[in-house]
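Q: Got a structure for you, written out below as structure tokens; questions coming shortly.
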Amino acid sequence: MSIPPIRSDLSALVGYHSAQVDAKVRLNTNESPFAPPQEFVDDFVAGLKDEHLNRYPDRRASALRAAIAHADEVHPDRVFCANGSNEVLQSLLLAYGGAGRQALVFEPTYALHSHIARVTGTSVVAVNRLPDFTLSPDYVRGAIEKEDPSLVFLCSPNNPTGLSESLDVMKAALNTTSGLVIVDEAYGQFALDSATQLFKGVGGERLVVVRTFSKTWGLAGVRLGYCLADPAIVEACFSVCLPYHLSSLTQSAGMRVLKYGSLMDDHVEAIVAERTRVLNELNKLDVEVWPSESNFILFRPLSQGAEMVWQGLVDRSVLIRDCSSWKSLEGCLRVTIGTREENTAFLNALKETL
Ligand SMILES: *Cc1c(COP(=O)(O)O)cnc(C)c1O
């Protein structure tokens, strides 16, 4: 007996991993350091009693979509929800990618854009960012004209480099492509601008803005993400997702947490203030630092190898992300902004290690 080989186009793919090492201070996966508000947890737990768990959930998650639409000031027909924004991305790729179609990404960026594309049989064209990790409208226009992709991925703010794309870059993409422009705003709440203001402009019907409850909302464990897009794109996502893909518990969690938006804003404010402090401290050390509009900072130790610095931090029970083996990120590390205490622990451990 032998197990059949997996799809030949998958055999070269490595799964997505983030090193899981025991450490007291965990600043490696860009989660919120804050638990969701206790009022929400109490509300959620109390609500569980009313869920009819013997029944399938609302297949179209209508109440949740209406609540998100209300918060984001759009029509509910323009909202699609799934188990994390990763599943939203997968749905978009299943509907608009697939065999014979191409997705364009600008690297370095979020590895899952190309990973999920390949899993769905979509071929990936990876174009390097400019040396300072930015993009310009002309550069993006040129890449789209050359490759004619079905989907263009932008990540704003970009993980792992930290900066947002300019609205001009997004407009250039929308003006040039005939495919979808997917703007991943997983860290959008930490940034100054949002792509959503481009829905009304040229090509706005091809714009998809993807968001998640995993980062700012402190609900990475719940697995809930969504996109805002033209109703036709939302329907296309419904046509490829599994029936009842979003559990009633997930739908309930999302609806209930939205009531606590102002507490989330407080968390965002605290993280942005800490980001400024950590950036200032890093700038005094022997490292190169990139500016950030997100809840993480990319930096490169100048006189020591990244792996040694990473290990030095782990030895002091601080876990950050080693990006040094990623393309174009030689020698780079990425730290998530945590609580004040966690950030201080990181900065002290880094000073000792350096
Ligand atoms: C963390 C992250 C996500 C979140 O994915 P979920 O599936 O919603 O948890 C999406 N996009 C980017 C760029 C991220 O960094």
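Q: Applying the selection to the stretch 343-354, what residues are farther than 18 Å from TRP290 by Cα and surrounded by 19 or more Cβ atoms within 10 Å (Cβ to Cβ)?
A: Across the stretch 343-354, the qualifying residues are ALA345, ALA349.
Q: Does the stretch 167-176 hold any residues that are open to solvent by 10 Å² or more (accessible area, probe 1.4 Å) and in contact with a helix residue (DSSP H, G or I) (Cβ under 6 Å, 6 or more places away or on another chain), and which are they?
A: Within the stretch 167-176, ASP168, THR176 meet the criteria.
Q: Mind listing just one residue for me: the one in the stretch 44-86 that is polar (S, T, N, Q) and in contact (Cβ under 8 Å) with a residue 12 or more places away in the chain and, of those, surrounded by the fewest Cβ atoms within 10 Å (Cβ to Cβ)?
A: Only one residue tops the list, namely SER62.
Q: Okay, moving on. Pick out the one residue from GLY225, GLY203, GLY218 that is buried (at least 21 other Cβ atoms within 10 Å of the Cβ) and at positive phi.
A: GLY218
Q: Which condition from (1) farther than 30 Å from VAL335 by Cα; (2) away from the ligand (no atom under 16 Å from the Cβ); (3) assigned to a helix (DSSP H, G or I); (4) not small (Gly, Ala, Ser) is the one that ARG59 breaks?
A: (3)
Q: Of everything in the stretch 66-109, what is charged (D, E, K, R) and within 15 Å of the ligand (Cβ to nearest atom)? Give them in sequence order.
A: Of everything in the stretch 66-109, those that are charged (D, E, K, R) and within 15 Å of the ligand (Cβ to nearest atom) turn out to be GLU87, GLU107.
Q: Any residue at all in the stretch 99-119 that's modelled with pLDDT of 95 or more, over 20 Å from the mean Cα position of the chain (by Cα) and open to solvent by less than 40 Å² (accessible area, probe 1.4 Å)?
A: Taking every residue of the stretch 99-119 in turn, none turns out to be modelled with pLDDT of 95 or more, over 20 Å from the mean Cα position of the chain (by Cα) and open to solvent by less than 40 Å² (accessible area, probe 1.4 Å).
The values are calculated or read from the model by the stated rules, or taken from the named source; none is laboratory data. In this text, all values refer to a predicted model and were calculated from it rather than measured experimentally. Every residue, glycine as well, gets a Cβ built from its backbone with ideal geometry; the counts of neighbours run over all protein chains shown. Accessible surface areas use protein heavy atoms only, side chains included; no ligands, DNA or RNA. Shrake-Rupley method; radii C 1.70, N 1.55, O 1.52, S 1.80 Å.
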